[in-house]
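Okay, structure first, notes after.
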Amino acid sequence: DKGGHKHFMAKEIAEQPHVIAEAIRHYLPVGEDAVHLPDGGIDFSEVERLTLVACGTAYYACLTAKYWFEKIARIPVEVDVASEFRYREPPIPGKTVALFVSQSGETADTLAALRYCAGKADKILSVVNVAESSIARESDLALPIHAGVEIGVASTKAFTCQLSVLLMLALKAAADRGVITPEDLDANIAALRSLPNVLAAALEQNDTIRQAAQKLSESRDVLFLGRGLMFPLALEGALKLKEISYIHAEAYASGELKHGPIALIDKHMPVVVMAPRDALFDKSVSNMQEVMARKGKVILVSNADGIAEASDGVASCIQMPDIHDNLSPILYAIPAQLLAYHTAVAKGTDVDQPRNLAKSVTVE
Ligand code: F6R
């Protein structure tokens with residue numbers, strides 16, 4: 001049942017305020033001022049290293065979580081795609097926690113990577129949607145994301161629920177290690193509690209995003225740029241676009257532009273810049289100007305302040321509500337998903353069942 005939507009993907013994008021409220025309610029019960037984990041949880045105070053492993057969109061959730069765990073909880077983090085990790089057989093030093101992220105909980109490479117870590121890592125954690133899955137069963141602690149069944153092959157609500165749970169886990173780790181002030185923790189928790197309403201406001205930009213997507217649908221290639229927390233999100237935006245619209249899309253950390261990809265820029269190249277007005281904004285703007293100086297068509301996704309400051313010469317702007325910097329990747333996932341969705345609809349591709357793809361990759 002698509003609930004009145006044309007595709008499951010549209011339904012699942014629209015469900016995000018609701019399912020994220022669910023995820024948050026499980027980890028931050030009403031009236032509580034700390035993050036609660038199921039089944040005895042985990043104490044991060046002695047953890048020296050975190051290894052995050054996943055595939056595809058779940059891997060981008062891990063890349064985002066690296067920024068959070070390092071910045072908020074001050075834990076060194078390594079992130080790898082499961083297919084590389086498992087055959088590289090990396091050393092796992094003492095006091096390492098290994099964390100596996102998987103919507104299905106059955107991805108063959110992720111499961112093999114988990115089995116490699118069993119008996120080596122101090123603790124095996126997983127962040128899963130399917131609670132009865134192999135990955136959940138074989139972990140010491142499985143953290144459900146409460147996204148509900150995801151039918152669209154391209155992952156949407158599972159991604160933002162993974163991010164929400166990973167951010168809450170990073171906040172818990174920071175509290176365990178005494179590296180976050182009570183004020184900071186409160187501000188993050190308040191922002192998480194407001195997130196469902198903020199996501200609902202972002203979904204109201206649907207028409208603007210559809211118009212921007214018309215331009216993308218006529219392109220052969222699209223570049224996504226982002227810095228900091230917006231870099232993994234740029235990767236996710238490019239993956240979503242190529243998966244369902246079959247348009248070639250790539251993402252770069254904005255600072256890498258000069259080191260090669262700027263050679264691609266001409267008037268036929270749309271460049272999606274994900275840049276809330278944060279500490280790195282000015283640097284993103286100067287990268288954006290380098291793109292426009294070479295006639296690249298910029299789609300700027302930012303908040304009101306960012307757009308007021310930097311929309312000169314930009315082909316289109318998508319305005320997001322204001323949010324705590326730490327939560328920006330969860331919010332900016334909405335325009336990334338909707339851009340891909342509307343581009344695919346404009347091209348007439350099979351949004352829910354893209355060619356050559358399977359929802360769950362249980363063979364390598
Ligand atoms: C992208 C997508 C895939 C999955 C990947 C991992 O939209 O859906 O990249 O994210 O195959 O799947 P899970 O999370 O089930 O391990």
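The values are calculated or read from the model by the stated rules, or taken from the named source; none is laboratory data. Only a predicted model underlies this, so the values are computations on that prediction, with no experimental measurement involved. Positions of Cβ are generated from backbone atoms using ideal geometry, with glycine treated the same way; all protein chains shown enter the neighbour counts. Areas reflect the complete protein model, heavy atoms only, side chains present, ligands, DNA and RNA absent. Shrake-Rupley method; radii C 1.70, N 1.55, O 1.52, S 1.80 Å.
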Segment 82-92 - residue that is at pLDDT 95 or above and over 18 Å from Ser139 (Cα atoms) and, of those, nearest to the ligand (Cβ to nearest atom): Ser83
Failed item in (1) over 24 Å from Gly237 (Cβ atoms); (2) out of contact with any strand residue (DSSP E or B) (no Cβ under 6 Å at 6 or more places or on another chain); (3) buried (at least 17 other Cβ atoms within 10 Å of the Cβ), with Thr57 passing the rest: (1)
Hits in segment 14-36 (condition: farther than 14 Å from Phe159 by Cα, part of a loop (DSSP other than H, G, I, E, B) and open to solvent by 30 Å² or more (accessible area, probe 1.4 Å)): Pro29, Val30, Gly31, Glu32, Asp33, Ala34, His36
Flag if Val79 is within 16 Å of the ligand (Cβ to nearest atom), open to solvent by 20 Å² or more (accessible area, probe 1.4 Å) and assigned to a strand (DSSP E or B): yes
Single residue of segment 67-76 satisfying the filter (at negative phi and outside any helix (DSSP H, G or I)) that is surrounded by the most Cβ atoms within 10 Å (Cβ to Cβ): Ile75
Options Ala238, Ala249, Ala253: the member that is within 16 Å of the ligand (Cβ to nearest atom), under 17 Å from Cys62 (Cα atoms) and under 19 Å from the mean Cα position of the chain (by Cα): Ala238
Only listed residue being modelled with pLDDT of 95 or more, surrounded by 13 or more Cβ atoms within 10 Å (Cβ to Cβ) and within 16 Å of the ligand (Cβ to nearest atom), chosen from Thr96, Thr64: Thr64
Only one of Glu132, Glu106, Glu84, Glu150 that is within 17 Å of the chain's Cα centre (by Cα), among the acidic types (Asp, Glu) and either surrounded by fewer than 22 Cβ atoms within 10 Å (Cβ to Cβ) or not in a helix (DSSP H, G or I) (or both): Glu150
Set Ile299, Ile307: member being buried (at least 23 other Cβ atoms within 10 Å of the Cβ), more than 28 Å from Val19 (Cα to Cα) and touching a strand residue (DSSP E or B) at 6+ places or on another chain (Cβ under 8 Å): Ile299
Every residue from segment 263-284 that is of a type outside the set (D, E, K, R) and open to solvent by 40 Å² or more (accessible area, probe 1.4 Å): Ala263, Leu264, His268, Ala279, Leu280
